[in-house]
1. Only residues that are within 14 Å of F59 (Cα to Cα) and free of Cβ contacts under 8 Å to residues at least 24 places away in the same chain: list them for the stretch 86-126, please.
2. So which residues in the stretch 40-78 are among the β-branched types (V, I, T) and farther than 19 Å from L115 by Cβ, if there are any at all?
3. When T101 is evaluated against the numbered criteria (1) touching a strand residue (DSSP E or B) at 6+ places or on another chain (Cβ under 8 Å); (2) over 16 Å from S47 (Cα atoms), which criterion, by number, is the only one it fails?
4. Inspect all residues belonging to the stretch 92-101 and state whether any of them is open to solvent by less than 30 Å² (accessible area, probe 1.4 Å) and not in a strand (DSSP E or B).
5. Does L106 meet the test of being closer than 12 Å to A42 by Cα and either in a loop (DSSP other than H, G, I, E, B) or not small (G, A, S) (or both)?
Amino acid sequence: MARKSFVVRFALIATLVALLLAVAPAAQAGKGKPGGGGAATATLFASCNPCAVGSTAHFWGSGYDSNQGAQLYITNGFVSAVPVSADGSVSFDWYMSGAGTYDVRLYQFGKGNKLVLKGEVITYAW
């Protein structure tokens, strides 16, 4: 009986996570931006979702301006530079140090020398 209860709870949590993943990126696009606005115009993907706490997630994407680097912003306000390849792709790793939501965003400079959201992915660690 306890096993059936666990399976039902796990299925409910998995359904809620899937629903959040479907809704959160659209709701978050352009919010908390350092300069510009609008929706992401490049791609950004995570190797795991959810990720295990203590694991390293790999992020990659394409559609970035190869004439400049990208600025990485993560949920807790962490900021770092990410190199952009000549073909406009990005690739980097992030250590999932604690449980919770990781809103990973990449920005590049646009018109008026303002940072513009280019790519975003939300992943979870537990």
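1. If the condition is that a residue be within 14 Å of F59 (Cα to Cα) and free of Cβ contacts under 8 Å to residues at least 24 places away in the same chain, then no residue fits.
2. If we filter the stretch 40-78 for residues that are among the β-branched types (V, I, T), which is where we start, we get 41, 43, 53, 56, 74-75.
Passing the criteria: V53, T56.
3. Single failed check for T101: (2).
4. yes
5. Numbers: closer than 12 Å to A42 by Cα: yes; either in a loop (DSSP other than H, G, I, E, B) or not small (G, A, S) (or both): yes.
In short, yes.
The values are calculated or read from the model by the stated rules, or taken from the named source; none is laboratory data. What you see is a predicted model; the values in this text were computed from it and never measured. All Cβ positions, glycine included, derive from the backbone under ideal geometry; neighbour counts span all protein chains shown. To get the accessible areas, we keep the full protein, side chains included, count just its heavy atoms, and leave off ligands, DNA and RNA. Shrake-Rupley method; radii C 1.70, N 1.55, O 1.52, S 1.80 Å.
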